[in-house]
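Notes to accompany the following structure.
The values are calculated or read from the model by the stated rules, or taken from the named source; none is laboratory data. Everything numeric in this text was worked out from a predicted model, so none of it was measured. Positions of Cβ are generated from backbone atoms using ideal geometry, with glycine treated the same way; all protein chains shown enter the neighbour counts. Surface accessibility is based on the protein's heavy atoms, side chains included, excluding ligands, DNA and RNA. Shrake-Rupley method; radii C 1.70, N 1.55, O 1.52, S 1.80 Å.
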Amino acid sequence: MVLAHRGFWGPELGVARRSGGQGRLALAVAGGDDEHALGVRVQATAQFLLRPAERRGAGPYGGLGLTLVGAEGAPGASYLAALVGLEAGPGARAGWYAELGLGGGVQLRAGWRFRRFPAWW
């Protein structure tokens, strides 16, 4: 089964701002290997958290936005993006997250999220 004609692998760094309610605006930038060429992906999404204040357990969320993709030797492209995710303790200080999305192909993300900047910043 073929999911996409190009593969992309690389680390991602993201920032997000919660409005205080159930909404969150997020921006993520990833750089890495796009079929043996240097590639970049930029994604901006508006997300909706189902249980934003939960400090224990997992909280689901979903989002819609735009993904921009570029690589050396290939024309850039933009795609509508949609994602669903699950994060540990959405109201806690930090926790894991996992996302599955569409936007220029199937996207799978997993990582650690800090919900407040450390005091030393």
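Tabulated data for the structure shown
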| item | result |
| --- | --- |
| Accessible surface of Leu38 - all protein chains present, 1.4 Å probe, nearest 10 Å² | 120 Å² |
| Length gained when the stretch Trp96-Ala58 is fully extended (0.36 nm per residue, less Cα-Cα span) | 12.8 nm |
| Rough spin-label spacing in nm, given labels placed 7 Å along Cα→Cβ, for Val42 and Arg116 | 3.1 nm |
| Accessible surface of Val106 - all protein chains present, 1.4 Å probe, nearest 10 Å² | 80 Å² |
| Over the chain, volume per residue of the alpha carbon convex hull, in Å³ | 112 Å³ |
| Average accessible area per residue (Å²) across the chain - probe 1.4 Å, nucleic acids and ligands excluded | 66 Å² |
| Inter-label distance, nm, simple model (7 Å from Cα along the C-beta direction), Ala77/Trp9 | 2.1 nm |
